[in-house]
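Student: There's a structure below that I have some questions on.
The values are calculated or read from the model by the stated rules, or taken from the named source; none is laboratory data. Values in this document were obtained by computation on a predicted structure and should not be read as measured data. FYI the Cβ positions are ideal-geometry reconstructions off the backbone, even for glycines, and counts take in every protein chain you see. The protein model used for the area step is the full one, side chains on, heavy atoms only, and it has no ligands, DNA or RNA in it. Shrake-Rupley method; radii C 1.70, N 1.55, O 1.52, S 1.80 Å.
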Amino acid sequence: MKKEKVAFPQTLHEAIKYFANDDHAFDFLKSIRWPDGVVKCPRCGSKDVFFLSTRKIWKCKSKHEKQQFSVKVGTVLEDSPIALDKWLCAFWLIANCKNGVSSYELARDIGVTQKTAWFMLHRIRLAMQNESTEQFSGRVEADETFIGGKARNMHADKKGHVKAGVVGKVAVMGLLERNSPDRASRIKVRVVRNVRRHGLQREVKEGVLKGSEIYTDELRSYTGLEQDYIHKVINHAECYAKGHVHTNGLENFWSLLKRGIKGTYVSVEPFHLFRYLDEQSFRFNERKDNDAGRFVKVVAGILGKGLRYAKLIGKTDGDGLPKKAKSWWTETWLLNHLGFETD
């Protein structure tokens with residue numbers, strides 16, 4: 001009797017039913033893990049492996065440590081005891097919910113603890129990370145914003161250390177390449193140390209091809225870009241747009257980002273902020289695709305990446321508690337987690 005062929009899911013309801021079948025979930029992840037259909041040992045690269053059907057794992061015939069491996073090995077799912085059907089539902093939700101999914105909501109939806117859901121979401125955000133080094137060109141917007149809570153909403157012990165304005169908030173830099181005939185606008189965002197000239201202009205020069213048009217606001221840190229770019233400035237004290245000279249595309253993205261943080265996540269630690277930027281950037285850049293397409297692209301990003309819980313929380317070798325630094329932007333944290341270099 002032939003198996004009835006089931007179409008790949010296009011909605012969340014269809015995805016839940018489809019991946020509830022263990023074989024469907026396993027075969028899908030296998031196709032992502034080894035797109036050419038040839039299973040290779042992740043330790044030595046050998047194709048000489050055999051499948052243990054009772055446990056759904058493979059064993060390499062070459063003699064070395066850890067000969068047995070599963071479909072999760074070498075991905076962000078490695079060492080996770082969570083079933084594939086729950087993992088794939090989590091991928092679908094975070095890829096397609098415009099304002100994100102909180103760990104409490106995901107925990108209720110798939111039946112895991114909040115701590116487990118939080119860890120799962122951060123691993124999925126790692127899969128969403130855009131590692132492309134392609135530079136933007138054409139018409140590009142550059143802008144910055146600050147992420148952080150309002151001083152009046154803070155506890156008394158924190159309020160005394162935070163002044164009004166942007167002090168105590170985290171600076172984020174964004175670049176947006178506007179629509180072109182062959183694709184929609186794209187964005188790159190990054191946590192930056194401050195909004196001084198050296199840092200912001202370095203981000204622009206790394207992310208934008210020389211000779212492109214750059215649109216910024218009147219912040220003095222952008223002065224000097226005209227040496228390498230066609231630099232045009234919009235003065236927000238006068239108006240928000242003069243023809244195509246504006247930063248409204250990035251302002252729209254900042255609105256989406258802050259709506260998700262304030263409405264869904266409520267509170268985001270500064271040292272995890274870059275992960276939430278990766279999440280929101282992915283959904284923005286893939287907004288023209290459908291739900292199934294975004295889902296497949298996120299799952300395809302699991303390869304060659306890994307995140308351990310100890311690293312996620314900054315666990316020490318001693319008491320196992322998170323590190324207690326005087327301030328989150330210490331040199332060690334910046335260098336190890338955000339890639340900043342000391343001046």
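Student: Return yes or no: is SER46 modelled with pLDDT under 95, in a loop (DSSP other than H, G, I, E, B), more than 23 Å from SER267 (Cα to Cα) and touching a Cys at 6+ places or on another chain (Cβ under 6 Å)?
Tutor: Criteria met by SER46.
Student: Take the residues in segment 263-276 that are within 12 Å of VAL170 (Cα to Cα) and of a type in the set (A, V, I, L, M); name whichever of them is most open to solvent (accessible area, probe 1.4 Å).
Tutor: For segment 263-276, the residue satisfying everything is VAL268.
Student: If you go through segment 196-221 one residue at a time, how many are hydrophobic (A, V, I, L, M, F, W, C) and within 22 Å of the chain's Cα centre (by Cα)?
Tutor: Number of matching residues: 3.
Student: Then there is this: Please determine whether any residue of segment 40-62 is open to solvent by 40 Å² or more (accessible area, probe 1.4 Å), touching a His at 6+ places or on another chain (Cβ under 8 Å) and free of Cβ contacts under 8 Å to residues at least 24 places away in the same chain.
Tutor: yes
Student: Moving to a separate point now. Does PHE28 satisfy being of a type in the set (A, V, I, L, M, F, W, C), open to solvent by 60 Å² or more (accessible area, probe 1.4 Å) and farther than 30 Å from VAL204 by Cβ?
Tutor: It is false that PHE28 is of a type in the set (A, V, I, L, M, F, W, C), open to solvent by 60 Å² or more (accessible area, probe 1.4 Å) and farther than 30 Å from VAL204 by Cβ.
Student: Give me the pairs, please: first residue somewhere in segment 247-270 and touching a residue at least 60 places away in the same chain (Cβ under 8 Å), second residue anywhere and surrounded by fewer than 19 Cβ atoms within 10 Å (Cβ to Cβ) and of a type in the set (Lys, Arg), beta-carbon distance under 7 Å, and either six or more positions apart or on two chains.
Tutor: Close Cβ pairs (under 7 Å, with a partner that is surrounded by fewer than 19 Cβ atoms within 10 Å (Cβ to Cβ) and of a type in the set (Lys, Arg)) amount to GLY249/ARG178.
Student: Any idea how many residues of segment 67-117 are among the polar types (S, T, N, Q) and open to solvent by less than 40 Å² (accessible area, probe 1.4 Å)?
Tutor: 6
Student: State which residue is modelled with the highest pLDDT when the search covers only segment 172-183 and only residues that are surrounded by fewer than 20 Cβ atoms within 10 Å (Cβ to Cβ) and of a type outside the set (Asp, Glu).
Tutor: ARG178
Student: If we scan segment 93-104, do we find a residue that is among the charged types (D, E, K, R) and over 30 Å from LEU273 (Cβ atoms)?
Tutor: Taking every residue of segment 93-104 in turn, none turns out to be among the charged types (D, E, K, R) and over 30 Å from LEU273 (Cβ atoms).
Student: Further, regarding this structure: Determine whether segment 10-23 contains at least one residue that is part of a loop (DSSP other than H, G, I, E, B) and either more than 20 Å from TRP92 (Cα to Cα) or more than 32 Å from the chain's Cα centre (by Cα) (or both).
Tutor: Scanning segment 10-23, I find no residue that is part of a loop (DSSP other than H, G, I, E, B) and either more than 20 Å from TRP92 (Cα to Cα) or more than 32 Å from the chain's Cα centre (by Cα) (or both), so the answer is no.
Student: Return the residues of segment 279-290 that are crowded, with 17+ Cβ neighbours inside 10 Å and not small (Gly, Ala, Ser); say none if nothing qualifies.
Tutor: Across segment 279-290, the qualifying residues are GLU279, GLN280, PHE282, ARG283, PHE284, ASN285, GLU286.
Student: Here's a check for you: in segment 118-127, which residue that is open to solvent by 10 Å² or more (accessible area, probe 1.4 Å) and not basic (Lys, Arg) is nearest to the chain's Cα centre (by Cα)?
Tutor: Checking each candidate, the answer is LEU126.
Student: Restricting to segment 291-307, and then to whatever is closer than 18 Å to ILE187 by Cα and among the basic types (Lys, Arg), can you tell me which residue is least open to solvent (accessible area, probe 1.4 Å)?
Tutor: ARG294
Student: Can I ask one more? List the pairs whose first member sits in segment 213-236 and is open to solvent by 40 Å² or more (accessible area, probe 1.4 Å), whose second member is among the aromatic types (Phe, Trp, Tyr), and whose Cβ atoms are under 6 Å apart, counting only residues at least 6 apart or on separate chains?
Tutor: Cβ pairs passing all conditions: LYS232/TYR215.
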